[in-house]
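Every number here is computed from the coordinates shown, using simple stated rules; none is lab data. Just so we're clear, the structure is a prediction, and the values are computed from it rather than from any experiment. Cβ coordinates were reconstructed from backbone atoms using ideal geometry, including for glycine residues, and neighbour counts include every protein chain displayed.
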Amino acid sequence: MTRKENNTPAEKVLKDYGIEKILSKIIKKYKKEIISILFEKDGILLIVNSKSKEIYDYCKDIKIKFNVISFQNYLGKIISGDKNSYLNLSKSEILYDPGRFLDPLQELIEEGRVLTTDESLKKRFDGIKDYFKKIDMTKYKVLDNIYCAVLDLSQALLIEKHGIYCTQRETIKYLEKYFVKTGVLSKDDYGNVKNIILLFKKIEHKKRKMVSGKELDDLQKKAERYREKVISILENKK
């Protein structure tokens, strides 16, 4: 008979009630009929082949609580996805399982691969969290590209037209001074650039949440229009 490590609830019950010897007698007497034996909470569950009533009658006078279920019924509950069966199994200790029927099921439950179990639901929600994290990371990379594009374009304008090399903060200021106030850039173009730069910095420093996919698409279109405008200016076209 196999058990998990010492000092478990099953270990205490087996010792206090002398159940180990009783189980050994039951296994010896009904070895061909018993599929598995579990310790569930404060009782023993016997999964048997066919002689469930005979085994139950043999066990009913024992002080500790014995439950007997046919393998067919137990398997039916497992196949139908009975949540209570999975919950009990996940918290039970396997005392006897020569055919390793229960071990693989417990492993699947622990890995969260059995639908409707708490482990499965937790794993699924963890998976959803990871999925949204990946989405936000992808959005961040796209926004970073948009930010770098409008910043590089703006600094290229300042360098090419006025020989000004500046930081990101100064770029916004000089862009307004040399291109907006002179009418080379519209207030809308400038507003889009300023919004993209400041928005990226807020998200980068976690001062606001990531934009939606629709907002990101809109920012990309604005950045593309700005690129065309800058190319036009650099080529001296009105």
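Convert each backbone phi in segment 158-172 into a coupling constant with the Karplus relation 6.51 cos²θ - 1.76 cosθ + 1.60 (shift: θ = phi - 60°), then list the ³J(HN,Hα) values in order as whole Hz, x for Gly and Pro.
For segment 158-172, the Karplus curve yields 5, 5, 5, 8, 9, x, 9, 9, 8, 7, 4, 5, 5, 4, 4 Hz.
Order the peptides 212-223, 190-201 from the highest to the lowest mean number of other Cβ atoms within 10 Å of their residues. Mind showing how you got there, number by number?
Values: 212-223: 14.3, 190-201: 18.1.
Order by mean packing, descending: 190-201, 212-223.
Once you place label points 7 Å from the Cα toward the Cβ at ASP136 and CYS166, how far apart are they in nm?
Roughly 3.3 nm, to one decimal.
Which one, LEU185, CYS148, TYR174, is farthest towards the positive end of the dipole of segment 122-234 when Lys and Arg carry +1 and Asp and Glu -1 on their Cβ?
Towards the positive end, the residue furthest out is CYS148.
Counting pairs of alpha carbon atoms under 8 Å apart in space and at least six apart in sequence, what relative contact order in percent does segment 122-234 give? Walk me through the intermediate numbers first.
Details: 64 pairs, mean separation 42.2, N = 113.
Reported as a whole number, the value is 37 percent.
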